[in-house]
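The values are calculated or read from the model by the stated rules, or taken from the named source; none is laboratory data. Being a predicted model, the structure only gives us computed values, none of them experimental. Every residue, glycine as well, gets a Cβ built from its backbone with ideal geometry; the counts of neighbours run over all protein chains shown. Areas reflect the complete protein model, heavy atoms only, side chains present, ligands, DNA and RNA absent. Shrake-Rupley method; radii C 1.70, N 1.55, O 1.52, S 1.80 Å.
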Amino acid sequence: MYNKSDLNELYRTIAFNIDISDEMFDAAEKEYTNLGKWIDAETPDYKISIFPQGSFGLGTVIKPISNEDDYDLDIVCQFAKDYGLSAKELKIDVVKPLLVRYKKSSKGIINKRRCWHVDYDDIPQFHLDIIPSFLVPSGKFIYITEHNEEADTYEYIGS
């Protein structure tokens with residue numbers, strides 16, 4: 001039977017063993033920060049914010065289960081407004097060319113349902129999922145792009 005002290009030690013050990021390393025966390029943070037600065041410099045016609053969401057945003061990142069898996073950093077590429085762009089224009093005509101020019105991957109940029117998936121050559125077991133979006137005027141939520149692969153259509157959905 002475990003006592004409270006034994007259980008606390010067990011939980012600490014588990015948390016330590018599944019937590020992201022400081023080095024990997026710093027590399028991921030540096031990468032999305034650099035991407036944000038680069039996009040900001042390259043897009044004087046748009047006001048854009050880059051920030052993490054999901055487990056990185058919440059501080060709950062865990063190690064991949066195996067060496068076959070990656071750390072998945074979800075980041076939002078949030079435009080201050082829609083700038084009159086359709087969902088397809090925002091994702092395909094604006095965000096994708098930026099990622100192509102910034103590219104740090106020999107594996108290509110993959111169009112996923114709601115994001116661009118980018119594997120990085122210089123950070124093993126790491127990829128970014130970049131979610132194009134814009135802030136609605138009320139500031140209470142964002143619209144993200146969604147690609148219906150079957151119909152090959154794009155639309156904005158609330159998030």
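Assess whether Val100 counts as being farther than 23 Å from Glu149 by Cβ, without any contact (Cβ under 8 Å) to a residue 24 or more places away in the chain and touching a strand residue (DSSP E or B) at 6+ places or on another chain (Cβ under 9 Å). Walk me through how you get there before you give the answer.
Details: farther than 23 Å from Glu149 by Cβ: no; without any contact (Cβ under 8 Å) to a residue 24 or more places away in the chain: yes; touching a strand residue (DSSP E or B) at 6+ places or on another chain (Cβ under 9 Å): yes.
Taking the combined requirement at face value, the residue does not satisfy it.
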Is there a residue in segment 60-73 that is at pLDDT 90 or above, crowded, with 16+ Cβ neighbours inside 10 Å and in contact with a strand residue (DSSP E or B) (Cβ under 6 Å, 6 or more places away or on another chain)? no
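Scan segment 49-59 residue by residue and report those that are within 18 Å of Ile131 (Cβ to Cβ), of a type outside the set (Ser, Thr, Tyr) and either out of contact with any helix residue (DSSP H, G or I) (no Cβ under 7 Å at 6 or more places or on another chain) or exposed (fewer than 15 other Cβ atoms within 10 Å of the Cβ) (or both).
Selection gives Phe51, Gln53, Gly54, Gly57, Leu58.
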The one condition Ser55 fails out of (1) in contact with a Pro (Cβ under 9 Å, 6 or more places away or on another chain); (2) closer than 21 Å to Arg114 by Cα is (1)
Kindly indicate whether any position in segment 76-96 is within 15 Å of the chain's Cα centre (by Cα) and either polar (S, T, N, Q) or surrounded by fewer than 18 Cβ atoms within 10 Å (Cβ to Cβ) (or both). yes
Condition (residue is open to solvent by 50 Å² or more (accessible area, probe 1.4 Å) and acidic (Asp, Glu)) applied to segment 123-133: is it met by at least one residue? no
I'm trying to understand the selection: among the residues of segment 44-76, which are among the aromatic types (Phe, Trp, Tyr) and more than 23 Å from Asn17 (Cβ to Cβ)? Tyr46, Phe51
Output the qualifying pairs, or none if there are none: Cβ atoms under 8 angstrom, residues six or more apart or on different chains, first residue in segment 57-72 and outside any loop (DSSP other than H, G, I, E, B), second residue aliphatic (A, V, I, L, M) and open to solvent by less than 90 Å² (accessible area, probe 1.4 Å). Ile62/Ile18; Ile62/Ile20; Tyr71/Ile20; Tyr71/Met24; Tyr71/Ala28; Tyr71/Val61
I'm trying to understand the selection: among the residues of segment 98-122, which are of a type outside the set (Lys, Arg), open to solvent by 30 Å² or more (accessible area, probe 1.4 Å), over 19 Å from Ile20 (Cβ atoms) and at pLDDT below 85? Ser106, Asp121
